[in-house]
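The values are calculated or read from the model by the stated rules, or taken from the named source; none is laboratory data. Bear in mind that the values here come from a model prediction, so they are computed numbers and not experimental data. FYI the Cβ positions are ideal-geometry reconstructions off the backbone, even for glycines, and counts take in every protein chain you see. Side chains are part of the model used for accessible areas, which takes the heavy atoms of the whole protein and leaves out ligands, DNA and RNA. Shrake-Rupley method; radii C 1.70, N 1.55, O 1.52, S 1.80 Å.
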Amino acid sequence: MTDQIADRFDAFLQRITLSSSEKSAALEQGRLLSRRIEQRPEVRECLITGSMARSTAIRKFSDVDIVAVIEPGDQLAHSDSATLVSSVANILRKMEPEVQVSENAVRVLHTDGSVVDVLAAIHSGTNNTADDIYRIPATNQEGWETYAPEEQNRRIREATESLGEDFKKLIRLCKWWSKTHGQPISSYEIELVTYDTFRDGLPELPRALVELFDSIKQSSSINPLKMPTFLESKALAEEAYSNQQLGNTQKAIELWGRLFGDQFAATVIT
């Protein structure tokens, strides 16, 4: 990767990555809300998880995720998924002025623009690595999904220790692309596919992006309605990297800018 392209990627990642103070402030808001939710008799405990806890969050699009574990003896633990989501929404409306249901989670919007997503969960045991497993409402609130947040946290920690910080940088790059293209793939799935793709090593970021798009295509993670958008982006990444390899630096920068948008295209000041 030429110095000029490397500088572009470094500057872009700085723009989209939360600062330590931004991350700390967001997590503190999550902790404060968690303590209030835990005072409810229906809730056994709250866990802060998601991209903010794993340091894969990006500016503008990431929020704090709270898993609200329901008391097993409470009637909510035996309700259907849609009832569970609406009940948690009603509980939160008694605490916060701005509450919305967003797919299978309940979203709390604060006046400073920050967002906390609360996901109701019912403990259902442990997996073969001794991580707790939860039953959570499916995205469409019809039925249930299995969720193991600590397993995901552990995977990201282990991969970062093995591959270095570029592993998280790659995840942030792909999340930004997805969020700015109508989210063809969820942020959670991006982390899973990235982990599965680069277990044995990570190339430079531009090449890693091309390889990651290949893996995403082979997975079942893409929203079928977003497949044309994904394929167009995949071809753009391949063209950008091809030009980069041929030494067509300015053309490569232009193409990477088309993939990532104005934040990447902004002039690097040295």
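In whole Hz, with x marking every Gly and Pro, tabulate ³J(HN,Hα) for the stretch 9-21 from phi via Karplus 6.51 cos²θ - 1.76 cosθ + 1.60, θ = phi - 60°.
Coupling constants for the stretch 9-21: 5, 4, 5, 5, 5, 5, 5, 9, 8, 5, 6, 4, 5 Hz.
How far is helix 81-93 tilted, in degrees, relative to the longest principal axis of the Cα atoms in the chain, given as a value from 0 to 90 rounded to the nearest 10?
80 degrees
How would you classify the stretch 94-251 from its alpha-carbon gyration tensor, with a ≥ b ≥ c the square roots of the eigenvalues: rounded for a/c under 1.5, else prolate if a/b is greater than b/c, otherwise oblate? The partial results should precede the final answer.
Details: a/c = 2.03, a/b = 1.54, b/c = 1.32.
Here the stretch 94-251 falls in the prolate category.
P(r) tail for the chain, what percent of Cα pairs lie past 33 Å?
Across the chain, Cα pairs with separations above 33 Å total 26 percent.
State the answer as a single residue: which of Ile171, Asn248, Ile66 lies farthest towards the positive end of the charge dipole of the chain, with beta carbon charges of +1 for Lys and Arg and -1 for Asp and Glu, about the Cα centre.
Sorting the options by dipole projection puts first Asn248.
Take Ser20 and Glu45, extend 7 Å from each Cα along the Cα→Cβ direction, and tell me the distance between the two endpoints in nm.
Placing both labels 7 Å along Cα→Cβ, they lie 2.8 nm apart.
So for the stretch 145-266, if I pair up every lysine 8 or more residues apart or on another chain, how many of those pairs have alpha-carbons under 18 Å apart?
Counting lysine pairs in the stretch 145-266 gives 12.
Looking at the stretch 84-148, which GluC sites (Glu not before Pro) are DSSP coil and have at most 11 other C-beta atoms within 10 Å of their C-beta?
Numbers: sites: Glu98, Glu103, Glu142, Glu145; in loops: Glu98, Glu103, Glu142.
Loop-located and lightly packed - Glu142.
For Val118, list long-range residues whose amide hydrogen, built 1.01 Å from N in the peptide plane, is under 5 Å from its own amide hydrogen.
Those lying under 5 Å, H to H, from Val118 are Ile66, Val106, Arg107, Val108.
Separation of the stretch 9-23 and the stretch 53-77 by C-alpha centroid, Å?
When both Cα centres are located, 23 Å separates them.
Full extension from Lys60 to Leu246: what is 0.36 nm times the residue separation minus their Cα-Cα distance, to one decimal in nm?
Values: separation 186, 0.36 × 186 = 66.96 nm, distance 3.42 nm.
The span from Lys60 to Leu246 would gain 63.5 nm if fully extended.
Residue by residue, what Karplus-based ³J(HN,Hα) values in Hz, rounded to whole numbers, does the stretch 74-79 have, using 6.51, -1.76 and 1.60 with θ = phi - 60° and x for Gly and Pro?
7, 4, 4, 5, 10, 8
Go ahead and run the numbers for FRET between His78 and Ser220, Cβ-Cβ distance against an R0 of 45 Å, rounding to 0.05. List each step's numbers first, then the result.
Numbers: r = 31 Å, r/R0 = 0.69.
With R0 = 45 Å, the Cβ-Cβ based efficiency is 0.90.
In debye, nearest 20, what is the charge dipole magnitude of the chain about its Cα centre with +1 on Lys and Arg Cβ and -1 on Asp and Glu Cβ, if you could check? It would help to have the intermediate numbers written out before the result.
Working: 30 positive and 40 negative charges, 99 e Å.
For this selection, approximately 480 debye.
Determine the per residue accessible area of the stretch 104-156 with all protein chains present and a 1.4 angstrom probe, expressed in square angstrom.
Details: 2400 Å² over 53 residues.
For the stretch 104-156, the per-residue accessible area is 45 Å².
Based on the alpha-carbon gyration tensor of the stretch 1-158 and its eigenvalue square roots a ≥ b ≥ c, which shape applies: rounded if a/c is under 1.5, prolate if not and a/b is larger than b/c, or oblate?
Working: a/c = 2.27, a/b = 1.59, b/c = 1.42.
Judged from the Cα gyration tensor, the stretch 1-158 comes out prolate (a/c at least 1.5, a/b above b/c).
Pairing the Cα long axis of helix 187-197 with the longest principal axis of the chain, what angle in degrees results, from 0 to 90 and rounded to the nearest 10?
Here the helix axis deviates by roughly 60 degrees.
Which number do you get for Rg(Cα) / (2.2 N^0.38 Å) in the stretch 7-92?
Values: Rg = 16.5 Å, N = 86, 2.2 N^0.38 = 12.0 Å.
The reported ratio for this selection is 1.38.
Compute the long axis of helix 205-218 from its Cα atoms, compare it with the longest principal axis of the Cα atoms of the chain, and write down the angle in degrees, 0 to 90, nearest 10.
The answer is roughly 60 degrees.
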